[in-house]
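The values are calculated or read from the model by the stated rules, or taken from the named source; none is laboratory data. This structure is a prediction, so every number in the text was calculated from the model and none was measured. A quick note on method: Cβ atoms are made from the backbone with ideal geometry, for glycine too, and the neighbour counts reach across all protein chains shown. Side chains included, ligands, DNA and RNA excluded: accessible areas come from the protein's heavy atoms. Shrake-Rupley method; radii C 1.70, N 1.55, O 1.52, S 1.80 Å.
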Amino acid sequence: MAEKFHNFIAGRWVESKTGQWFENRNPADKNDLVGLFPKSDARDVHEAVAAAKEAQKAWRLVPAPKRAELLYKAGRILEERKEALSRDMTREMGKVLNETRGDVQEAIDTAYYAGGEGRRLFGDTCPVELPNKFGMSVRCPIGVAGLITPWNFPMAIPSWKSFPALVCGNTVVLKPAGDTPLSAVNFVKALEDAGAPPGVVNLVHGGGTEVGAALVEHPDVRVISFTGSTAVGKQIASSCGKSLKRLSLELGGKNAQIVMDDADLDLAVEGALWGAFGTTGQRCTATSRLIVHERVLAKFTEMLLPRVQALRLGNGLDSNSQVGPLVNEQRRREVHQYVRIGVEEGATLLCGGEPASGGSLDHGWFYKPTVFTNVTRSMRIAREEIFGPVVAILRIGSLEEAVDVLNDTNYGLSSSIYTRDVNAAFRAIRDIEAGITYVNGPTIGAEVQLPFGGVKETGNGHREASHTVLDTYTEWKSIYVDYSGRLQKAQIDTHDARG
Ligand code: NAD
């Protein structure tokens, strides 16, 4: 009998009002049932939001350094449980154990980084133009935050949202992706065990259209933070637009690595391998395009190809595996569809291009690491997010052309350039339209103390991580204290005084 997991509402683990459950299966072995999770609906969301709203009345008054202690404790608990939580994560979403350990580590880093904000949350003090008057600004909590997350970073992304939201004095309702509900349970359990007061953290499992949309539309949810596809992000934006609800969006990417003719090619190949095939290409920052200078194109391709073909596919719990499965059957179908499109568009398939099979691979959603060359910028495989182990090589003849090709997409999340020329590197940093640019590093590898997010259709201008995330979870309040004992008129009295 499969283990049943629950929603977490008002400090209690509860079944959904629907009485229904959905299955969570291991993508490396579809016969392995990880557990059953509540298939919730709007009624569960209402209950969770009501609990969060009630709890926020007291939570906002807890001094921020005290709120931070909850994060520190949760961070320590995640550290103690890191290995077990990483194994659970690999089992439910497939990426190899080293990467799920990194995912849990990112949540730990975020706990400590955001915890530090409990003693900062800086505002400004500044001079004011009238005598005997004082000016300052402070950050205020917003209220209940609705957090909607994808499956590819099942603990890191909930932590990026929850920890800063909480330290700022908000309460949260988390709606995790249906493919990774266990990691969300493990994450919330750490906060429960760290002593989160009832209602401060709530978890509701279920589908996007039932639970996610109900959260977005709920009038008592004052801020939504969403990470996921651009298509869903646009729907959420139009819904939030109607009620002018605060919204942070982290959406898709079509990230590229430029390889210039003076690049260290060994390094560039290592970067391309890690960037394109880490997490089986299912990262929002995955390298999806390799923009390579024509003078090194043949050599680079010749070096890259055997390395791609040698990547070992397998269950991520096996330490021998380098690339795990895709997250589910539908994802594999969609990736394969893009490969067909690439072939039909006239790109040259160099390797991969089909599901991987044989032995234990037959039990999971594995796909062979795939490389296309002779790709032009107008092809769909050069423009649309594939979110799988597929990379497209494009030829360029100059830095200007490389940057132009890189920018020729609706997205703008991560980017990279390999060159030994400092002038070229700085020009690329200046001209690339993306939220993140790496020099001599792959497109993946963000750290929590720098802003994370992108331009164009990758988002709506907000950034996660760093102190910049505080802008999502706080309202500014400007405060003027007049201790002159008389009515003073800004712009008027000062003007008169000067005149
Ligand atoms: P998705 O958009 O299908 O789902 C994301 C979340 O939204 C899930 O929890 C889902 O249940 C929920 N959802 C679906 N429809 C909804 C609706 N109508 N209203 C409210 N919620 C709804 O995305 P996914 O397949 O889980 O994740 C992959 C996508 O996420 C990719 O496009 C990837 O680039 C993007 N992503 C972006 C970042 C980033 O920071 N920029 C990070 C990771 C993933």
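Convex hull volume of the Cα atoms of region 408-499, normalised per residue: 216 Å³. From the residues 439, 458, 428, which one has its Cα farthest along the dipole of the chain in the positive direction, the dipole being from +1 and -1 charges on Cβ of Lys/Arg and Asp/Glu about the Cα centre? Of 439, 458, 428, it is 458. Which Cα, out of 409, 487, 303, lies furthest along the positive dipole direction of the chain (beta carbon charges, K/R +1, D/E -1)? Final value for the positive-end residue is 487. Mean residue ellipticity, 222 nm, helices only, the chain: the sum of -39500 (n - 2.57) across DSSP H runs of n ≥ 4, divided by residue count and rounded to 500, is -11500 deg cm²/dmol. Using a probe of 1.4 Å on the protein chains alone, the accessible area found for residue 480 is around 150 Å².
Summary value for the chain: 18 percent relative contact order, contacts being C-alpha pairs under 8 angstrom separated by 6+ residues. Shown are 119, 307, 283, 430, whose ranking by accessible area with a 1.4 Å probe and every protein chain present, most to least, is 119, 430, 307, 283.
When averaged across all projection directions, what area in nm² does the alpha-carbon convex hull of region 165-230 cover? Averaged projected area of region 165-230's Cα convex hull equals 5.0 nm². Please report the net charge: other residues with Cβ closer than 15 Å to the Cβ of residue 148, K and R +1, D and E -1. Residues close to residue 148 contribute a combined charge of 0.
A Cβ-based charge dipole, computed about the Cα centre of region 255-439 with Lys and Arg at +1 and Asp and Glu at -1, lands at about 320 debye. Taking every C-alpha pair closer than 8 Å and separated by at least 6 residues, the mean separation divided by the residue count of region 255-439 gives a relative contact order of 28 percent. Per residue, the chain exposes 41 Å² of solvent-accessible protein surface, assessed with a 1.4 angstrom probe and all protein chains in place. Accessible area per residue (1.4 Å probe, heavy atoms of protein chains only) ranks 336, 293, 363 as 363, 336, 293, with the largest value leading. Once the convex hull of all Cα atoms in the chain is built, its volume per residue stands at 167 Å³.
Estimated at the nearest 10 Å², the accessible area of residue 128 is 40 Å² with a 1.4 Å probe.
Dipole orientation for the chain: of the candidates 225, 157, 183, 225 has the Cα lying most toward the positive pole (charges on Cβ; Lys, Arg +1; Asp, Glu -1).
Rounded to the nearest 20, the Cβ-based charge dipole of the chain about its Cα centre (Lys and Arg +1, Asp and Glu -1) stands at 1120 debye. For region 255-439, what log10 I(q)/I(0) values come out of the Debye formula at q = 0.09 1/Å, with one point per alpha carbon and no solvent? With no solvent term, the Cα-only Debye profile gives -0.29.
Taken over the alpha carbons of region 1-154 as equal point scatterers, the Debye sum produces base-10 log I(q)/I(0) values at 0.09 Å⁻¹ of -0.45.
Considering region 1-87, its Cα convex hull presents a mean projected area of 7.7 nm². Based on alpha-carbon atoms, the Kirkwood radius and the radius of gyration of region 203-244 give Rg/Rh equal to 0.93.
Solvent-accessible surface of protein heavy atoms, probed at 1.4 angstrom with all chains present, puts 16, 484 in the order 484, 16, largest first.
Show me, bin by bin at 5 Å from 0, the whole-percent P(r) of region 326-380 based on Cα pairs. Here the calculated profile for region 326-380 is 4, 20, 27, 21, 15, 9, 3, 1.
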